[in-house]
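The values are calculated or read from the model by the stated rules, or taken from the named source; none is laboratory data. Because the structure is a prediction, the values reported are computed rather than measured. Cβ placement follows ideal geometry from the backbone for every residue including glycine, while neighbour counts extend to all protein chains displayed. Heavy atoms of the whole protein, side chains included, go into the accessibility calculation; ligands, DNA and RNA do not. Shrake-Rupley method; radii C 1.70, N 1.55, O 1.52, S 1.80 Å.
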Amino acid sequence: MSEVSKILKDPKLTYAQQVLALAHLAENQDDTLALEPEFEQALAERTLCDLGEGRAPYRPRYILPDYTKLMREGCQFLELTPPQDIWEATNTLLIFYKHVPSVTSFPVYLGNFSELFAPFHKDKEETYKALKLFLQHIDKTLTDSFVHANIGPCDSEVNRIILTLTKEMQLAIPNITLLYDPNQTSDEFALACIDCMLATSKPSFANDVMYRKEMSDYAIASCYNALKVCGGGYTLPRMRLYNVACKANSVADFFERVLPYYTQLLLRNMDERIRYIVEESNFFTSNFLVTEGFVKRENFTGMFGIVGLAECVNHLLGIQNPECGYGHHEDAAKLGTRVMDAIAEMVNAHHGLYCEGCGNRYVLHAQVGIDSDGRDNSPGARIPIGAEPQLPDHILWECNFHKYFVSGIGDIFKFDDTWNHTQVALLDIIKGAFASGMRYFTGYNADNDVVRVTGYLVKKSEIARLDQNQASLNNVTVFGQGARNSGKALDRRIYDESAHQ
């Protein structure tokens with residue numbers, strides 16, 4: 001059966017999902033973008049991965065428009081005038097979202113809702129109704145859990161309405177992140193966000209102080225990707241570090257020959273992909289997002305992704321039992337740091353194309369993984385599922401590696417119901433984690449229907465629909481099903497309230 005026929009006959013796909021699948025099939029089978037034979041070989045042997053970006057790149061992977069400009073000035077191309085009330089504001093955004101592309105064909109960033117809606121909030125009841133319809137519209141039309149919004153860092157009545165609706169509606173879309181700054185985010189607001197997170201798996205907490213120091217005007221998009229507002233990420237290929245480590249004859253061979261070879265190969269591919277997007281595709285010459293100034297080319301960068309640091313380290317050390325290796329052993333911590341130092345040095349020494357806003361350098365990203373990775377390459381720099389240590393040790397281990405990943409890293413912590421009665425303790429843990437160098441913290445209650453898989457959100461009830469060969473509206477439910485089946489992504493260690501003692 002042809003690949004087209006498989007798509008057309010799949011009962012688990014909606015019509016819209018079939019259209020997207022057919023489009024991605026065409027993009028991935030094209031040969032517009034020339035690839036080095038060595039890179040094609042690396043794709044085939046699964047040491048490197050292009051994350052389905054295909055060989056006909058016609059838009060950047062991630063786009064973060066300046067939505068405040070839209071609220072302030074409107075949009076000529078879409079014939080939108082500046083909104084005057086909460087209804088016009090939500091309507092303007094919903095129209096605009098339909099025209100923001102990405103690798104998924106849905107906008108990966110919806111803006112900071114706290115800032116966007118504050119000028120239009122006049123009446124609590126009216127704002128509640130408008131935002132409820134707004135969130136419902138997003139969930140039913142932007143049907144992809146990589147769609148992401150931010151709130152904070154300061155508290156407001158708009159934020160409280162969003163948190164109330166998030167708990168009430170139990171939606172997997174959009175993903176939400178609180179930009180947390182201890183000097184601006186009150187404990188009362190942070191606790192309200194924790195209460196919502198435990199009930200709905202969102203919002204996550206981003207270390208706003210850390211990110212703003214490095215990137216100034218940034219936002220969190222997609223899973224937990226930190227990129228410049230009015231810019232974005234051109235591309236996100238990645239290295240499967242365990243597979244790379246398996247090519248080495250020794251630790252010395254890994255550092256001297258194998259790791260440099262695959263790092264440089266990936267960097268050269270990033271150069272060629274970005275060159276094509278900027279110089280040959282029409283996005284930066286004719287798309288209204290560019291011509292009207294909603295995004296600027298110099299604010300984009302390339303994202304160098306890695307997965308499988310844990311398995312790489314364990315393999316090089318000859319450790320078979322993950323519960324005795326990465327996440328537990330001092331030698332594993334030292335070797336993991338050495339691996340990341342080596343990668344960071346090579347990436348930082350490379351002159352990136354068309355990324356002036358990031359100092360002409362590409363940025364490291366701890367990629368959340370895909371279902372086909374199985375259990376051989378854990379997401380980013382995370383400790384393998386099933387090998388998690390006690391909560392304080394888990395957090396402090398992660399903090400050793402968050403400093404490397406300017407464009408995003410995060411871990412997920414699964415809690416039992418006892419934490420609902422000790423939310424202040426959880427806030428103290430988050431504060432301590434951020435003070436120790438953690439960039440991004442997210443958690444959820446083990447009993448939730450809406451759960452966080454590797455970075456995105458799905459409903460367990462929707463995975464159950466796929467199990468019954470029925471379609472799910474959320475495009476990424478199938479990824480969640482695959483991650484559950486092959487990577488045991490829903491089987492994280494459950495931390496009870498005593499875990500912080």
Q: May I ask you to list the residues in segment 239-290 that are β-branched (Val, Ile, Thr) and open to solvent by less than 60 Å² (accessible area, probe 1.4 Å)?
A: 244, 251, 258, 263, 274, 277, 278, 290
Q) Being over 22 Å from residue 170 (Cα atoms), in contact with a helix residue (DSSP H, G or I) (Cβ under 6 Å, 6 or more places away or on another chain) and of a type in the set (Gly, Ala, Ser), is that true of even one residue in segment 436-451? A) yes
Q.
Looking at residue 408 and the list (1) modelled with pLDDT of 95 or more; (2) within 23 Å of residue 324 (Cα to Cα); (3) within 18 Å of the chain's Cα centre (by Cα); (4) not charged (D, E, K, R), which single condition is not satisfied?
A. (2)
Q. Any residue in segment 116-130 that is assigned to a loop (DSSP other than H, G, I, E, B) and touching a residue at least 12 places away in the same chain (Cβ under 8 Å)?
A. yes
Q: Could you please let me know if residue 278 is of a type in the set (Val, Ile, Thr), farther than 27 Å from residue 248 by Cα, part of a helix (DSSP H, G or I) and modelled with pLDDT of 95 or more?
A: yes
Q | segment 215-244, residues that are part of a strand (DSSP E or B), farther than 19 Å from residue 50 by Cα and among the hydroxyl-bearing types (Ser, Thr, Tyr) | A | 218
Q: Give just the number: which of (1) closer than 19 Å to residue 318 by Cβ; (2) basic (Lys, Arg); (3) assigned to a helix (DSSP H, G or I) does residue 247 not satisfy?
A: (3)
Q | segment 360-384, residues that are surrounded by fewer than 21 Cβ atoms within 10 Å (Cβ to Cβ), in a loop (DSSP other than H, G, I, E, B) and at pLDDT below 95 | A | 370, 374, 375, 376
Q: Being more than 27 Å from residue 228 (Cα to Cα) and in a helix (DSSP H, G or I) narrows it down to one of 451, 424, so name that one.
A: 424
Q | segment 407-439, residues that are of a type in the set (Lys, Arg) and over 12 Å from residue 391 (Cβ atoms) | A | 431, 439
(Q) Name the single residue that is nearest to the chain's Cα centre (by Cα) among those in segment 136-177 being at pLDDT 95 or above and small (Gly, Ala, Ser). (A) 149
Q: Scan segment 385-410 residue by residue and report those that are hydroxyl-bearing (Ser, Thr, Tyr) and not in a loop (DSSP other than H, G, I, E, B).
A: none
Q: Report whether or not residue 38 is open to solvent by 60 Å² or more (accessible area, probe 1.4 Å), at pLDDT 90 or above and farther than 23 Å from residue 476 by Cβ.
A: yes
**Q.** Members of segment 13-30 that are free of Cβ contacts under 8 Å to residues at least 40 places away in the same chain and part of a loop (DSSP other than H, G, I, E, B)
**A.** 30
Q. If you go through segment 281-318 one residue at a time, how many are among the β-branched types (Val, Ile, Thr) and either at pLDDT below 95 or part of a strand (DSSP E or B) (or both)?
A. 3
Q. Got at least one residue in segment 385-399 being in contact with a helix residue (DSSP H, G or I) (Cβ under 6 Å, 6 or more places away or on another chain), open to solvent by 10 Å² or more (accessible area, probe 1.4 Å) and within 22 Å of residue 254 (Cα to Cα)?
A. no
Q: Answer yes if at least one residue in segment 428-441 is among the basic types (Lys, Arg) and assigned to a loop (DSSP other than H, G, I, E, B), and no otherwise.
A: yes
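Matching residues to (1) assigned to a helix (DSSP H, G or I); (2) touching a Leu at 6+ places or on another chain (Cβ under 6 Å); (3) under 17 Å from residue 149 (Cβ atoms); (4) among the polar types (S, T, N, Q):
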position	(1), (2), (3), (4)
11	no, no, no, no
32	no, no, no, yes
35	no, no, no, no
43	yes, no, no, no
54	no, no, no, no
82	no, no, no, no
88	yes, no, no, no
91	yes, no, yes, yes
107	no, no, yes, no
**Q.** Top-ranked residue in segment 343-390 [being in contact with a Gly (Cβ under 9 Å, 6 or more places away or on another chain) and of a type in the set (Asp, Glu); ranked as farthest from residue 146 (Cα to Cα)]
**A.** 388
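Listed here are the residues, each with its yes/no results for (1) at pLDDT 95 or above; (2) closer than 30 Å to residue 370 by Cβ; (3) of a type in the set (D, E, K, R); (4) open to solvent by less than 70 Å² (accessible area, probe 1.4 Å).
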{"site": "22", "(1), (2), (3), (4)": "no, yes, no, yes"}
{"site": "43", "(1), (2), (3), (4)": "yes, yes, no, yes"}
{"site": "58", "(1), (2), (3), (4)": "no, yes, no, no"}
{"site": "84", "(1), (2), (3), (4)": "yes, no, no, no"}
{"site": "90", "(1), (2), (3), (4)": "yes, no, no, yes"}
